[in-house]
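Asker: Handing you a structure now.
The values are calculated or read from the model by the stated rules, or taken from the named source; none is laboratory data. Quick caveat, the model's predicted, so the values are computed rather than measured. Note: ideal-geometry Cβ built from the backbone for every residue, glycine included; neighbour counts use all protein chains shown. Only protein heavy atoms, including side chains, enter the accessible area calculation; ligands, DNA and RNA are left aside. Shrake-Rupley method; radii C 1.70, N 1.55, O 1.52, S 1.80 Å.
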Amino acid sequence: AVLVESLLVFGVVLSVHAVVWDRFSWCTVALALQAFYAQFKWDRLLQQGGAVFQFRGAANSGLLPASMVIPLLGVVMKERCRAAGIVYFERFGVVVASTGMLLALFLSVLAVGITKPVPTNTCILTGVAGSVIIYTMKHSLTVSEVIEVLEVLLIFVYLSMILLYLLPRCFTPGEALLVLGGVSFVLNQLIKRSLNVVEGRGDPIDFFLLVAVVGVVLLGLFFTVLFTFMDSGTWISSMFFHMMTAVLGLGVIMPWLYRLIQRNPLFWLLQFLFQTQTRLYLLVYWTFLAASACGVVFYQNAKRSSESKKHQASTITRKYFHFIVVATYVPGLIYDRQLLYVAAVLCLAVFIFLEYVRYFRIKPFGQTLRHLLSLFLDERDSGPLILTHIYLLLGMSLPVWLFPRSCAPKGTLPGAGALVPYSGVLAVGVGDTIASVFGSTMGEIKWPGTKKTFEGTMTAIFAQIIAVALILIFDSSVNLNSSYAWILASVSVVSLLEAYTTQIDNLLLPLYLQILLMA
């Protein structure tokens, strides 16, 4: 299974390399080769319990597929913005690619360094790949860009040491690279933009995303440190939690956002949300869907009988939420993507805040949330945090957040790139959902080395093709320009990756589909 997963990732890397064909695409090939070898060292460390931190069990390290995501995103973003003639974002793509390569190299060097005896071949390959990447960065980046890349690496190192210690068994090494690498990059971007505020420059919704992500992460770190010295389950601690949340929100996060957007954040948000009648209709519709999702949770818990306390929700039951999320995102993508962008940021902040309430057992809802959500746990929620619903939201939202709007004439990319914002809907909302439902109910032929079925994968590919056809009918902004073969190949590769990967597919699959569609 690991070998097939690696072959699929190599296929994606070579496809992007064939399209781009420059020094950075050559670097991604070198990075993929060394990550393939380093991945086995991480797998051995995980099996022997010598990986320094406690990582999520029942999964391989996932180093290769995770290592390639950020570099490939940077490479395809650079190429798209170069074609559009937007130099600023072309350089931003170069920084993203370089940062991703350096973070992946760091994780590989870490695995090689703690492996005993020292693996000579992997050391040589890592040294060669590192030399190629550093040589390319030396001749491609300005001094300020090199400093920016090193800042992200420094933040990543410290953030990893803190969070992997505080949150054992929540991530695999690959998932830690993706999540903590992304948070490190966002934090560095927020610091950089806060120090260089120019009035009227920058989109407020981008600043809103940066401040929201950094704000909830800092909030979690603050309370994690605080509650190591006091019991978080008492009423006094709960009152202190709510009071400090209000203080940090109104005293730190709001002024920070005010400095960036140069206006009152609450007034701006209210004006933005209720700006048009279409937005009002969408907000009412999304409120109804949110109430429906809560209804599913309460109904499933009501069905839990006293004699079956260990009862867990079935795969089909958990996929109800995927259908609800698809019904949420598709109208937003068709009618108002900016509103969907901001609404997804708000939902992410609320989800993470509620997870803090559940994790710290904050009264009056902490224990209730623990009871309600325990029904929907699976083997991936082996750590103290429940992250699968947050990963689902991220998988659907990242293609919307990472879409290079400034490099897209008329708000959309040509050809297959027009489907980029729909990557989460196609890969997770449609593909992963249909594969799970049909595979678990009608699947008989299993892919070698996995529990996934051939029927589930083929049905997922077919369902995504139908979804693309429906998008063409209902979204007039999408024009594929006869790039159907590339779309079919991209959907097929990502569906096969879903069958063979042991990483969090809600997070990984949309990013790979986005990379292929942008390429």
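Asker: Between Q271 and Y158, how many nm apart are label points set 7 Å from Cα along the C-beta direction?
Answerer: Label-label distance for Q271 and Y158, simple model: 3.6 nm.
Asker: Assigning unit charges at the beta carbon (Lys, Arg +1; Asp, Glu -1) and nothing else, what dipole magnitude in debye, to the nearest 20, does the range 1-199 show about its Cα centre?
Answerer: 220 debye
Asker: Out of the total accessible area of the chain (probe 1.4 Å, heavy atoms of protein only), what percent is carbon and sulfur? The partial results should precede the final answer.
Answerer: On the way: 16090 of 23150 Å².
About 69 percent, which is the carbon plus sulfur part of the accessible surface.
Asker: Something else: Considering only Cα-Cα distances, which of the following residue pairs are longer than 25 Å: K319/K452; K116/K451; K78/K192; K116/K452; K41/K78; K319/K446?
Answerer: Working: K319/K452 16 Å; K116/K451 33 Å; K78/K192 20 Å; K116/K452 35 Å; K41/K78 32 Å; K319/K446 21 Å.
Cα-Cα > 25 Å for K116/K451; K116/K452; K41/K78; rest within.
Asker: Only four residue types carry charge here, +1 at the Cβ of Lys and Arg and -1 at the Cβ of Asp and Glu. Report the dipole size of the chain about the Cα centre in Debye, rounded to the nearest 20.
Answerer: On the way: 34 positive and 25 negative charges, 111 e Å.
Rounded to the nearest 20 debye, it is 540 debye.
Asker: Ranked highest first by the average count of other Cβ atoms within 10 Å around their residues, in what order do 327-336, 188-197 fall?
Answerer: On the way: 327-336: 19.2, 188-197: 15.1.
In decreasing order of mean packing, 327-336, 188-197 become 327-336, 188-197.
Asker: Using a 10 Å cut-off on Cβ atoms, rank the peptides 261-269, 225-233 from the highest mean neighbour count down.
Answerer: Details: 261-269: 14.7, 225-233: 12.7.
In decreasing order of mean packing, 261-269, 225-233 become 261-269, 225-233.
Asker: Over the Cα atoms of the range 1-81, Rg to Rh with Kirkwood Rh, two decimal places?
Answerer: Here Rg/Rh amounts to 1.05.
Asker: Here's something else I'd like to know. Return the Rg/Rh ratio of the range 283-435 with Cα-based radii and a Kirkwood Rh.
Answerer: Details: Rg = 17.1 Å, Rh = 16.9 Å.
Rg/Rh: 1.01.
Asker: Let me know the Rg and Dmax you get for the range 219-348 when you use only its Cα atoms, in Å.
Answerer: Taking only Cα atoms of the range 219-348, I get Rg and Dmax of 19.6, 58 Å.
Asker: Right, here's the next one. Applying a 10 Å radius around every beta-carbon, put 69-78, 379-388 in order of their mean neighbour count, most first. Mind showing how you got there, number by number?
Answerer: Working: 69-78: 25.7, 379-388: 17.5.
Ranking, from highest mean packing down: 69-78, 379-388.
Asker: Could you tell me the relative contact order of the chain? Use alpha-carbon pairs under 8 Å, at least six residues apart, and round to a whole percent. Mind showing how you got there, number by number?
Answerer: On the way: 652 pairs, mean separation 92.3, N = 519.
Computed over the chain, the figure is 18 percent.
Asker: Looking at the chain, what % of the alpha carbon pairs are farther apart than 41 Å?
Answerer: Details: 22872 of 134421 pairs.
Across the chain, Cα pairs with separations above 41 Å total 17 percent.
Asker: Right, something else. Suppose a student asked you for the relative contact order of the range 39-126, using Cα pairs under 8 Å spaced at least 6 residues apart; what percent would you report?
Answerer: Once normalised by length, the contact order is 29 percent.
Asker: Above 27 angstrom, tally the Cα pairs of the range 1-199 and express them as a % of all pairs, no decimals. Mind dumping the intermediate values first?
Answerer: Details: 5493 of 19701 pairs.
So the portion of pairs separated by more than 27 Å is 28 percent.
Asker: How much area per residue is accessible in the chain when the probe is 1.4 Å and only protein heavy atoms are counted (Å²)? Before the final figure, lay out each step's value.
Answerer: Numbers: 23150 Å² over 519 residues.
For the chain, the solvent-accessible area averages 45 Å² per residue.
Asker: I would also like to ask the following. How much of E79 can a 1.4 Å solvent probe reach, expressed as accessible area in Å² and rounded to 10?
Answerer: 40 Å²
Asker: Sticking with this one: Considering only A302, Y158, G449, whose Cα is most displaced toward the positive end of the charge dipole of the chain, charges sitting on Cβ of Lys, Arg (+1) and Asp, Glu (-1)?
Answerer: Positive-most Cα among the choices belongs to A302.
Asker: Can you pull the one-decimal nm distance between simple spin-label points at S406 and F222, each 7 Å off the Cα toward Cβ?
Answerer: Inter-label distance under the simple model: 3.0 nm.
Asker: Keeping all protein chains in place and using 1.4 angstrom, which order do M161, M239 fall into by accessible surface area, from largest down?
Answerer: Numbers: M161 95, M239 130 Å².
From most exposed to least exposed: M239, M161.
Asker: Right, another one. Any cysteines in the chain with zero other Cys Cβ atoms under 4.7 Å from their Cβ? List them, or say none.
Answerer: Taking the Cβ cut-off of 4.7 Å, the unpaired cysteines of the chain are C27, C123, C170, C294, C347.
Asker: So how much slack lies between L470 and F106, counting 0.36 nm per residue of separation and subtracting their Cα-Cα distance, in nm? Intermediate results must be reported in sequence, preceding the final value.
Answerer: Details: separation 364, 0.36 × 364 = 131.04 nm, distance 4.31 nm.
The L470-F106 span can extend by a further 126.7 nm.
Asker: Which of the aspartates and glutamates could be linked to K410 by a straight reach, that is with a Cα gap under 17 Å, when you skip same-chain ones fewer than 8 residues away?
Answerer: Candidates past the 8-residue exclusion: D203, D336, D475.
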